[in-house]
Amino acid sequence: SGRRSKHLQGLVLPLDESQGIIPWTARNGQTVLANDVTQEPRYRPSPLPPKDIRAELCVPLIFDEKVVGLLDIQTDRANAFTEDDRLIFEAVADVIAAAIHNADLYRTEQWRRRVADSLREVAGLLSDNVGLDQSLQAILAELGNTLPIDISAIWLLGDGDIYLAACSNCDLDKLERARRENPEASAAMLSALLSTEPIIRKPGDPLWPAGIAAHFDARSSSIAAPLRIGDQPLGIITLAHHTAGRYGHEARNMLSTFASYAAVAIENTRLYDQAQEQAYASAALLQVAQAVVSLNDLNEILDAIVRILPILVGVHRAVLYLYDSERDRYLPAQAYGFDEADEATFQRALAPGEFLLLDAACESNRSIARTLEADAAPETWFHLPPHADTSTSLSTGDEAGSVTSGE
């Protein structure tokens, strides 16, 4: 209240600054009475009007030996406060601190109920046996109903690094690129992954990936919570808001509870997906075995194998070549997933050197798995070095008998 009240709305005061009566009181939990601020070395003039402040009394609001707030009184009169005023305001501060604590408990209970409702929604999806991607999006959606969020994301641990598994209100590639291209942002994500509780970004810290991707101001708010099963880290949940001071101890406690339940949900979904994949693979291998036993024609057997590959390993296109040692040629036997124009490209015998990837698979007598450029036309396979496709060499003894190339 007072002449500055309108200007104070939305103001955030960093408590780790070396100067300032308010930061000092918050850090030390002691009252400061300055009847002449010009003689007080800890005083820092406020950037807000009015400019004629002469005396200040700042009292910490303490509950259970923790500073939960501050009661700051400023006046344009020098020597305005007495020791009696100090005692009175300290008594008032005790009442205010208790009231804030009770209000926190009430809000926390409301949030916990809201979190419980959100988790029930997520649990309902899990009981319907939905996939991991849908579960992650459901978790982010429920978080958005509980906390102030502009951008939310779930990063999961895999192959020794974290990767962006799901995000809300931001382009996935842009967010992932912001992490990769900014070492300080990557370091912050690693710190959150190894932490045992949520961490809140300070206004002076480097921006995290969401803030970078959305071009947020340095004063924007971010919080990250580790996803853990016991001592095993699974990933992290990150939340970001464009305004300052959006996440405090209440948000930390709420997000910690949500992350604990979400970690269990994610792990259960992963286990279910793995069980489904194993079931699909077993069914596909059974079909291969049945085809080998029941079919007498080699072409029919190879056709069955190529058509089962999408179930077994999830390829979009596949072609199986037989190697003719007498002619020293790769002969196309069966293909899957090609249109008529592309299929004609592969319906010819290939000499060694025409398809380097096949040569590499036969020479090494092992599977070769590499990344293929997005939307690459099948005819470009012939011109790729053996580092841009997926090829498997099927061999008997030391002699390669057939080669399967798939995208």
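Each value in this text was obtained by applying a stated rule to the coordinates, not by laboratory testing. Because the structure is predicted, anything quoted here is derived from the model rather than measured. Note: ideal-geometry Cβ built from the backbone for every residue, glycine included; neighbour counts use all protein chains shown.
Based on every Cα atom in the chain, Rg and the maximum pairwise Cα distance Dmax equal 32.0, 108 Å.
Within the straight-line cut-off of under 19 Å between alpha carbons, none of the lysines are reachable from Lys66, sequence neighbours fewer than 8 places apart in one chain being disregarded. About its Cα centre, the dipole of the range 117-244 is roughly 300 debye, where the only charges are +1 on Lys and Arg Cβ and -1 on Asp and Glu Cβ.
Want the number for Leu105 to Thr82: 0.36 nm per residue separation, take away the alpha-carbon distance, what's left?
Value of the extension gain: 4.8 nm.
Using just its DSSP H runs of length 4 or more, each adding -39500 (n - 2.57), the chain gives a mean residue ellipticity at 222 nm of -14000 deg cm²/dmol after division by all residues.
A straight Cα-to-Cα reach below 18 Å connects Lys51 with the lysines Lys6, residues fewer than 8 places away in its own chain not being considered.
Starting from one equal scatterer on each C-alpha and no solvent at all, send me the Debye-based log10 I(q)/I(0) for the range 129-274 at q = 0.16, 0.20 Å⁻¹, two decimals. Per q value, in the given order, log10 I(q)/I(0) is -0.77, -1.27. Placing unit charges on each Cβ (+1 for Lys and Arg, -1 for Asp and Glu) gives the chain a dipole about its Cα centre, and among Ala351, Pro14, Tyr280 the Cα reaching farthest toward its positive end belongs to Pro14.
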